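Structure record follows, encoded as structure tokens.
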Amino acid sequence: MITVVQIVFVLGLIILIILFVFETRRHREVIPLPDDFREILSDYVRFYRELSDKEKEDFEKRVEYFLSSVQITGVGAQVEDLDRLLIGAGAIIPVFAFPDWQYINLHEVLLYPGTFNEDYDQSGADRPISGMVGSGAMQNVMILSKWQLRQGFINSHDASNTAIHEFVHLIDKMDGTVDGVPEIILERKYVPQWVSLMEETIRKMKSNGSDINFYGSTNHAEFFAVISEYFFEKPDALRELHPDLFDMLQRIFRTR
Ligand SMILES: [Zn+2]
């Protein structure tokens, strides 16, 4: 005999299933890229320009998926199609060799007009920060400066790209620590070699100077982010001037 309790239970279950399906659908909804996305990517993103037609298609799909799953919010800055596409490109470039990659540790990117300081002040003299990955209350949030974001792609041969820098911090953070060792993508057996290569290079940077951005000598995490910018912006120069680093970064980002 069917009791009222059983009917209520079954009805409840049905409602839960409907909600679940609806939720999953909602999250999978893909927001199409703007009409002129190919033009914008070709004009601004050298990495994209150099891909084959098939790879370009993959890249576009992944940028679209990324932009559909992460909220981009302007804070005193207008978020234009160009900014959205550049943020998507910065996200996908370092993980292009990992087809199923998802930035599960990122929900929102805040776009500030210019640089800011550690208290997120956007005006005043001491504003050295052009991008950051949040922690604590800002967990799962990235902040980028619109001006620096664009400069990073406009000057595509200066070994500096704020978006790539910040996304590399996120990749590094995926294993729980931001320490310059992306354990989620670097095979364990190469970790000691990578750590000693970082240490040796930082030591050389401090004593002899280097063409590597000096900010990279701050700590291992900054070194990894800075040298990754160099790797994606000026791969040929890095291969020639720092072959060991180039080899290791190829291993990390699986680009060979
Ligand atoms: Zn950094």
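Based on the Cα gyration tensor of the chain, what are the three equivalent ellipsoid semi-axes, each the root of five times an eigenvalue, rounded to whole Å and given largest first? Display every interim value, and only then the final one.
Details: eigenvalues 268, 97, 82 Å².
The answer is 37, 22, 20 Å, longest axis first.
State the extension gain, in nm to one decimal, for the chain segment bounded by residue 72 and residue 36, taking 0.36 nm per residue of separation less the distance between their alpha-carbons. Write down the numbers at each step before the final one.
Numbers: separation 36, 0.36 × 36 = 12.96 nm, distance 1.91 nm.
Extending this stretch completely gives an extra 11.1 nm.
How big is the accessible area of residue 84 in square angstrom, nearest 10, if you roll a 1.4 angstrom probe over the protein chains?
My reading of the accessible area for residue 84 is about 60 Å².
Using 1/(1 + (r/R0)^6) with R0 = 30 angstrom and r between the beta carbons of residue 16 and residue 104, what's the FRET efficiency to the nearest 0.05? Numbers along the way, then the final one.
On the way: r = 24 Å, r/R0 = 0.80.
It comes out at approximately 0.80.
Multiply the residue gap between residue 193 and residue 241 by 0.36 nm, knock off their C-alpha separation, and tell me the result in nm, one decimal place. Write out the running numbers ahead of the final one.
Details: separation 48, 0.36 × 48 = 17.28 nm, distance 1.87 nm.
So the chain would gain 15.4 nm between residue 193 and residue 241.
Taking the Cα centre of the chain as the origin and placing charges on Cβ (Lys, Arg +1; Asp, Glu -1), which of 174, 40, 226 is farthest toward the positive end of the dipole?
174
How far is helix 243-253 tilted, in degrees, relative to the longest principal axis of the Cα atoms in the chain, given as a value from 0 to 90 rounded to the nearest 10?
0 degrees
Structure shown: which of 146/234; 56/189; 204/234 lie over 24 Å apart, alpha-carbon to alpha-carbon? Walk me through the intermediate numbers first.
Values: 146/234 22 Å; 56/189 33 Å; 204/234 20 Å.
Listed pairs above 24 Å: 56/189.
If 4, 226 are ordered by their accessible area, calculated over protein heavy atoms with a 1.4 Å probe, which sequence runs from highest to lowest?
Numbers: 4 110, 226 5 Å².
Result, largest first: 4, 226.
Round to the nearest 10 and give me the degree value, 0 to 90, for the angle of helix 4-28's Cα axis relative to the longest principal axis of the chain.
Result, in degrees: 30.
With every protein chain present, what is the per residue accessible area of segment 152-256 (1.4 Å probe, Å²)?
Per residue, segment 152-256 has an accessible area of 47 Å².
Cα-based Rg of segment 113-221 per 2.2 N^0.38 Å, rounded to two decimals?
1.17
What angle, in degrees between 0 and 90 and rounded to the nearest 10, separates the Cα long axis of helix 220-233 from the longest principal axis of the Cα atoms of the chain?
80 degrees
Which order do 92, 184 take when ranked by solvent-accessible area (1.4 Å probe, heavy atoms of all protein chains), largest first?
On the way: 92 10, 184 90 Å².
Per-residue accessible area, sorted high to low, gives 184, 92.
Using 0.36 nm per residue, how much length does the chain from residue 61 to residue 215 gain when fully extended, once their Cα-Cα distance is taken away?
Extending this stretch completely gives an extra 52.1 nm.
Tell me the carbon and sulfur percent of the accessible area for segment 39-89, rounded to whole percent, probe radius 1.4 Å.
Here it works out to 42 percent.
Counting other Cβ atoms within 10 Å of each Cβ, which GluC sites (Glu not before Pro) in segment 169-256 have at most 13 and sit in a DSSP loop?
Here the sparse-neighbourhood loop sites are 187.
Of the heavy-atom accessible surface of segment 131-207 (probe 1.4 angstrom), what whole percent is carbon and sulfur?
Ligands and nucleic acids excluded, carbon and sulfur give 51 percent.
Taking every pair of distinct Cα atoms and averaging 1/r, then inverting, what Kirkwood hydrodynamic radius in Å comes out for segment 138-198?
13.2 Å
The values are calculated or read from the model by the stated rules, or taken from the named source; none is laboratory data. Fair warning: this is a prediction, and the values are worked out from it, not measured in the lab. Don't worry about glycine lacking a Cβ; one is built from the backbone with ideal geometry, like all the others, and counts go over all protein chains shown. Areas reflect the complete protein model, heavy atoms only, side chains present, ligands, DNA and RNA absent. Shrake-Rupley method; radii C 1.70, N 1.55, O 1.52, S 1.80 Å.
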